[in-house]
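Visitor: The structure follows.
The values are calculated or read from the model by the stated rules, or taken from the named source; none is laboratory data. The structure displayed is predicted, hence computed values, not measured ones. No Cβ is skipped: glycine too gets one built from the backbone with ideal geometry, and neighbour counts run over all protein chains shown. Quick note on the areas: whole protein, heavy atoms, side chains included, nothing else; ligands and nucleic acids left out. Shrake-Rupley method; radii C 1.70, N 1.55, O 1.52, S 1.80 Å.
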Amino acid sequence: MRFNRFLATIALAMSAAPVAASAQADCTTWLKAPPVGGWAQYHGDRGEFKIAVVGQEQREGKTLYRFEFAGDSPQGKGIFQMLVPAFPYQPTEIQEMVVKAEGRPAMKISGQTLAMMRNNMKNNPTMDITRQCAQMKDLGEESVTVPAGTFKTHHFKNATTGDEVWGSHDVPFMMVKAISKGGGTVVLSGSGSDAKSAITEKPMEMPSMGQ
């Protein structure tokens with residue numbers, strides 16, 4: 001499954017969370033996810049997708065969170081779940097992945113296979129949220145109407161790429177609307193605080209590379 005489009009959209013949205021243009025050094029303090037249960041549903045030029053925080057657990061004295069992306073992909077509907085210590089995160093911080101393609105069992109990716117995937121993700125530009133944040137300029141407050149309603153937002157734009165995001169504190173994950181060259185237009189279609197994982201079965205362990 002190809003979830004790069006989902007990740008790119010979220011990286012863009014989180015990088016543009018509301019912050020004064022004169023306080024770019026503090027921009028990362030706004031890159032926060034909602035509490036467990038927070039979710040946001042979006043409609044884009046290429047289909048629907050949902051982002052949610054579906055769980056929290058303790059491992060080796062650390063609090064980890066399960067972030068879930070569910071929606072359309074070129075191969076059909078799919079679900080992509082990551083266990084991480086915070087959001088945003090670096091690929092090296094991913095402790096576990098669960099992937100489920102439409103009509104197939106859920107697969108858990110960990111151990112050696114996950115380590116190899118993390119190495120390949122290190123240079124993924126969609127994960128470089130801090131860099132994106134520094135390049136966004138706050139254009140001020142705007143009222144934006146999307147399928148989920150009308151929101152008072154901050155409008156952010158990257159002068160180099162032309163990417164734009166409208167963000168609100170009243171929306172989980174901040175994003176109300178986004179426009180980018182690679183992903184087209186994405187708008188908020190719903191949100192809430194009662195998210196549950198769309199994966200109801202016990203995931204199968206994906207065999208290690210070479211097995």
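Visitor: Being under 26 Å from Thr161 (Cβ atoms), at pLDDT 85 or above and not polar (S, T, N, Q), is that true of even one residue in region 34-42?
Guide: Among the residues of region 34-42, at least one is under 26 Å from Thr161 (Cβ atoms), at pLDDT 85 or above and not polar (S, T, N, Q), which makes the answer yes.
Visitor: Of the conditions (1) under 19 Å from the mean Cα position of the chain (by Cα); (2) surrounded by fewer than 22 Cβ atoms within 10 Å (Cβ to Cβ); (3) charged (D, E, K, R), Asp163 fails just one. Which one is it?
Guide: Answer for Asp163: the failing condition is (2).
Visitor: Yes or no: Val98 of a type in the set (Val, Ile, Thr), open to solvent by 60 Å² or more (accessible area, probe 1.4 Å), at pLDDT 85 or above and more than 27 Å from Glu142 (Cβ to Cβ)?
Guide: Against the criterion (of a type in the set (Val, Ile, Thr), open to solvent by 60 Å² or more (accessible area, probe 1.4 Å), at pLDDT 85 or above and more than 27 Å from Glu142 (Cβ to Cβ)), Val98 does not qualify.
Visitor: Between Lys108, Lys62, which is in contact with an Asp or Glu (Cβ under 7 Å, 6 or more places away or on another chain), farther than 16 Å from Lys196 by Cα and either in contact (Cβ under 8 Å) with a residue 24 or more places away in the chain or open to solvent by 70 Å² or more (accessible area, probe 1.4 Å) (or both)?
Guide: From the options Lys108, Lys62, the qualifying one is Lys108.
Visitor: A further question on this structure: Out of (1) within 15 Å of the chain's Cα centre (by Cα); (2) modelled with pLDDT of 80 or more; (3) among the polar types (S, T, N, Q), the odd one out for Asn124 is which?
Guide: Failed condition: (2).
Visitor: Restricting to region 76-86, what's the tally of residues that are surrounded by fewer than 19 Cβ atoms within 10 Å (Cβ to Cβ) and either aliphatic (A, V, I, L, M) or touching a residue at least 40 places away in the same chain (Cβ under 8 Å) (or both)?
Guide: Qualifying residue count for the region: 1.
Visitor: Consider Lys50 carefully, then state whether it is more than 30 Å from Lys137 (Cα to Cα), modelled with pLDDT of 85 or more and crowded, with 17+ Cβ neighbours inside 10 Å.
Guide: Taking the combined requirement at face value, the residue does not satisfy it.
Visitor: Picking from Lys196, Lys152, Lys177, which residue would you name as being under 15 Å from the mean Cα position of the chain (by Cα) and at pLDDT 85 or above?
Guide: Lys177
Visitor: Looking at region 71-92, can you tell me whether even one residue there is under 18 Å from Val187 (Cβ atoms) and at pLDDT 80 or above?
Guide: Checked region 71-92: at least one residue is under 18 Å from Val187 (Cβ atoms) and at pLDDT 80 or above.
Visitor: If you go through region 133-140 one residue at a time, do you hit one that is over 23 Å from Phe173 (Cα atoms), at pLDDT below 90 and loosely packed, with under 14 Cβ neighbours inside 10 Å?
Guide: Within region 133-140, not a single residue is over 23 Å from Phe173 (Cα atoms), at pLDDT below 90 and loosely packed, with under 14 Cβ neighbours inside 10 Å.
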